[in-house]
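Participant: Questions regarding the structure given below will be posed in turn.
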Amino acid sequence: DAMVIQNPRYQVTQFGKPVTLSCSQTLNHNVMYWYQQKSSQAPKLLFHYYDKDFNNEADTPDNFQSRRPNTSFCFLDIRSPGLGDAAMYLCATSEGLAGAYEQYFGPGTRLTVT
Amino acid sequence: SQELEQSPQSLIVQEGKNLTINCTSSKTLYGLYWYKQKYGEGLIFLMMLQKGGEEKSHEKITAKLDEKKQQSSLHITASQPSHAGTYLCGAATNTGNQFYFGTGTSLTVIP
């Protein structure tokens, strides 16, 4: 049974056209993370929510926003996608903060920008 | 910032051979994680190490964290084609607010 679900698995958007990626979890975890993974690179943390508390990485572009309306769902909004934003976007959850708890990853959404 | 260097960058082994992947940091690691990723898919959790000198095994995979908590190794015994993929180490900062991945090691197992 899927525990971290990402929709859609593949997303194509046009340059500059806003796009939203979705993540949901059935684990009731407190923390939800969004990572960006470009081709042949390691995932890079964009931001995370601890409950409703939003934590943005210092080098995450302003173009990227996130919403967590409830425990189960978290959204990644890209306001004006550029060609450089084409990547795999991974959502993860954990019971508590990293270092003490395992992170469970979704299958990812591959974003193409045309 | 925390940086994790993995070596080797890529590895090609014959089925049945043993192999080791290393993950090194210049800073103390807090919660060292090992993940496996197949191309185009999400990350699969393998193991988490927290204490210096800790060692964990699951099936044919063993992970160790050194006493100083700055280096970890992942050892696969009698490799199989199913072990193929990219292996990533990851670690948290001491506050738990940031998480970093290593540079990754691509493993190919030739039948």
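Participant: With every protein chain in place, what's the accessible area of residue A:112 (1.4 Å probe, Å², nearest 10)?
Facilitator: Accessible area of residue A:112: about 60 Å².
Participant: How much accessible area does residue A:53 have with a 1.4 Å probe, in Å² rounded to the nearest 10?
Facilitator: Solvent-accessible area, nearest 10 Å²: 90 Å².
Participant: Moving to a separate point now. Normalised by the empirical 2.2 N^0.38 Å for globular proteins, what value does the Cα Rg of region B:9-53 take?
Facilitator: Ratio of Rg to 2.2 N^0.38 Å for region B:9-53: 1.42.
Participant: List the aspartates and glutamates whose Cα sits under 15 Å from the Cα of residue B:36, skipping any in the same chain fewer than 8 residues away.
Facilitator: Within the straight-line limit of under 15 Å, residue B:36 reaches these aspartates and glutamates: A:102, B:59.
Participant: Would you tell me the mean number of C-beta atoms belonging to other protein chains that fall within 10 Å of each C-beta in B:26-35, as a whole number?
Facilitator: Other-chain Cβ atoms within 10 Å of each residue's Cβ, averaged: 2.
Participant: Assigning unit charges at the beta carbon (Lys, Arg +1; Asp, Glu -1) and nothing else, what dipole magnitude in debye, to the nearest 20, does the protein assembly as shown show about its Cα centre?
Facilitator: Once rounded to the nearest 20, the dipole reads 300 debye.
Participant: Separate question: Please arrange B:75, B:58, B:83 by accessible surface area, largest first, computed with a 1.4 Å probe and ligands excluded.
Facilitator: Largest accessible area first, the list is B:58, B:75, B:83.
Participant: What number comes out for the charge environment of residue A:85, summing +1 per Lys or Arg and -1 per Asp or Glu over other residues with Cβ under 15 Å away?
Facilitator: Taking every Cβ under 15 Å from that of residue A:85, the sum is +2.
Participant: Cα-Cα over 26 Å: which of B:38/B:64; A:17/B:38; A:17/A:38; A:38/B:64?
Facilitator: A:17/B:38; A:38/B:64
Participant: Right, something else. Keeping all protein chains in place and using 1.4 angstrom, which order do A:105, A:47, B:45, A:15 fall into by accessible surface area, from largest down?
Facilitator: Sorted descending by solvent-accessible area, the residues read A:15, B:45, A:105, A:47.
Participant: Follow-up question, since we're still on this one. How much net charge surrounds residue A:37 when only other residues with a Cβ under 10 Å from its Cβ are counted (Lys, Arg +1; Asp, Glu -1)?
Facilitator: My count for the surroundings of residue A:37 gives +3.
Participant: Cα gyration tensor of region B:30-111, axes a ≥ b ≥ c as square roots of the eigenvalues: rounded (a/c below 1.5), prolate (a/b > b/c) or oblate?
Facilitator: oblate
Participant: Can you pull a Stokes-Einstein diffusion coefficient for chain A at 4 °C (1.567 mPa s), Rh from Kirkwood over Cα pairs, as a whole number of µm²/s?
Facilitator: 92 µm²/s
Participant: Separate question: Seen from all sides and averaged, what is the projected area of the convex hull of the Cα atoms in the protein assembly as shown, in nm²?
Facilitator: The number I arrive at for the protein assembly as shown is 12.0 nm².
Participant: Okay, next question. So how exposed is residue B:51, as accessible area in Å² (1.4 Å probe, rounded to 10)?
Facilitator: 150 Å²
The values are calculated or read from the model by the stated rules, or taken from the named source; none is laboratory data. Computed from a prediction, not measured in an experiment: that's the story for all the values here. All Cβ positions, glycine included, derive from the backbone under ideal geometry; neighbour counts span all protein chains shown. Accessible surface areas use protein heavy atoms only, side chains included; no ligands, DNA or RNA. Shrake-Rupley method; radii C 1.70, N 1.55, O 1.52, S 1.80 Å.
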